[in-house]
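Reviewing the structure listed below.
The values are calculated or read from the model by the stated rules, or taken from the named source; none is laboratory data. In this text, all values refer to a predicted model and were calculated from it rather than measured experimentally. Quick reminder, even Gly has a Cβ in these numbers, built from the backbone with ideal geometry, and neighbours come from all protein chains shown. Note: accessible area is taken over every heavy atom of the protein model, side chains too, but ligands, DNA and RNA are not part of it. Shrake-Rupley method; radii C 1.70, N 1.55, O 1.52, S 1.80 Å.
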Amino acid sequence: MSSAKLGRLFLVPNALDFGVEGAAVDLREVLPARVIETAARLTHWAAENAKTTRAFLKRVDAICPLAQPLQELQISELPRPPKGQHKPTPETDKAWQQLLAPALAGHDLGLISEAGLPAVADPGAMLVAAAHAAGITVVPMSGPSSLLLALAASGLNGQSFAFVGYLPVDAAQRGARIRELEAQSLRQQQTQLMIETPYRNSALLEALLTQLKPGTRLSISCGISLAQGWTRSASVAEWRRQPSSLPDKVPAVFALLA
């Protein structure tokens, strides 16, 4: 239950141009005015990376002046689990709870991802869970999600879909996972969405074209919402006849429907 004494946790969406050289978009083209205005007034932040959050806020400031100078804002980074460890521990639980200190003290707190919607395919989900446990009101804000934009642009089944994240790097395991996802898609008529680190985009495309059946539909959205962005949807057989090259520095979303 929320309390008037508590601040709120705002889930502030980011543009999708993170890490794409020379591709910065005007924030007003991808973010609603209310998001930019809210970002400008927030003085406490939880972020994946403080440096890139400051870069985002500089872009906000050029449109809507910040409530405080950038160097005076409190930006705390999300805790990173020890390498190879994914389950929460008492230490990591405490770290997540400490991030909520500003909201517990009555300040509104912003959560921001490197790109797109925070807490969707994003570690910030753990902070949202901690906020609910602490009785802090969570306020999601409208903004771009590469997953949903790619799904909408794909022409595949938007009534039933699943995001399966990253596929295994090991070739044998990756091939087995692709065949498993194709069988599940056929059985449930469900679109399967996945992503990859940009420099491995081409390797994932090659694996998909090798493992999937010719009639399975494959859609790729590359650099979605960017000026050079594109989406192509076709059968695997058509992809094999007319291959497309994928840049190694631009994020892509892959979708299949058997």
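Anything in the range 106-116 that is open to solvent by 20 Å² or more (accessible area, probe 1.4 Å) and modelled with pLDDT of 95 or more? List them, or say none.
Within the range 106-116, GLY106, HIS107, ASP108 qualify.
Is there a residue being free of Cβ contacts under 8 Å to residues at least 12 places away in the same chain and either on the phi > 0 side of the Ramachandran plot or part of a helix (DSSP H, G or I) (or both) anywhere in the range 188-203?
Yes, the conditions are met somewhere in the range 188-203.
Condition test on LEU147, is it modelled with pLDDT of 95 or more, open to solvent by less than 10 Å² (accessible area, probe 1.4 Å) and either out of contact with any Cys (no Cβ under 9 Å at 6 or more places or on another chain) or within 27 Å of SER225 (Cα to Cα) (or both)?
Here the answer is no, as LEU147 does not meet what is asked.
Hey, among the residues in the range 219-258 that are touching a residue at least 60 places away in the same chain (Cβ under 8 Å), in a strand (DSSP E or B) and among the polar types (S, T, N, Q), which one's surrounded by the fewest Cβ atoms within 10 Å (Cβ to Cβ)?
SER233
Only one of (1) within 22 Å of the chain's Cα centre (by Cα); (2) closer than 22 Å to ASP122 by Cα; (3) at pLDDT below 95; (4) surrounded by fewer than 19 Cβ atoms within 10 Å (Cβ to Cβ) fails for ARG54. Which number is that?
(3)
Looking at the range 160-177, I want the residues that are more than 21 Å from LEU147 (Cα to Cα) and have a partner that is assigned to a helix (DSSP H, G or I) and open to solvent by 70 Å² or more (accessible area, probe 1.4 Å) with Cβ atoms under 9 Å, at least 6 apart or on another chain. Which pairs are those?
Close Cβ pairs (under 9 Å, with a partner that is assigned to a helix (DSSP H, G or I) and open to solvent by 70 Å² or more (accessible area, probe 1.4 Å)) amount to GLY175/THR210.
Going by the conditions given, is PRO102 at pLDDT 95 or above and out of contact with any helix residue (DSSP H, G or I) (no Cβ under 7 Å at 6 or more places or on another chain)?
For PRO102, the condition - at pLDDT 95 or above and out of contact with any helix residue (DSSP H, G or I) (no Cβ under 7 Å at 6 or more places or on another chain) - is met.
Limited to the range 158-168, what total is found for residues that are open to solvent by 40 Å² or more (accessible area, probe 1.4 Å) and either closer than 15 Å to SER219 by Cα or aliphatic (A, V, I, L, M) (or both)?
Number satisfying all stated conditions: 3.
Determine which member of the set ALA171, ALA101, ALA183, ALA130 is within 21 Å of LEU257 (Cβ to Cβ), open to solvent by less than 70 Å² (accessible area, probe 1.4 Å) and among the hydrophobic types (A, V, I, L, M, F, W, C).
Testing whether each residue is within 21 Å of LEU257 (Cβ to Cβ), open to solvent by less than 70 Å² (accessible area, probe 1.4 Å) and among the hydrophobic types (A, V, I, L, M, F, W, C) leaves just ALA183.
Is there any pair linking a residue in the range 37-50 that is touching a residue at least 60 places away in the same chain (Cβ under 8 Å) to one that is charged (D, E, K, R) and buried (at least 20 other Cβ atoms within 10 Å of the Cβ), with Cβ under 7 Å and at least six apart or on different chains, and which?
Between residues of the range 37-50 that are touching a residue at least 60 places away in the same chain (Cβ under 8 Å) and residues that are charged (D, E, K, R) and buried (at least 20 other Cβ atoms within 10 Å of the Cβ), there is no close pair.
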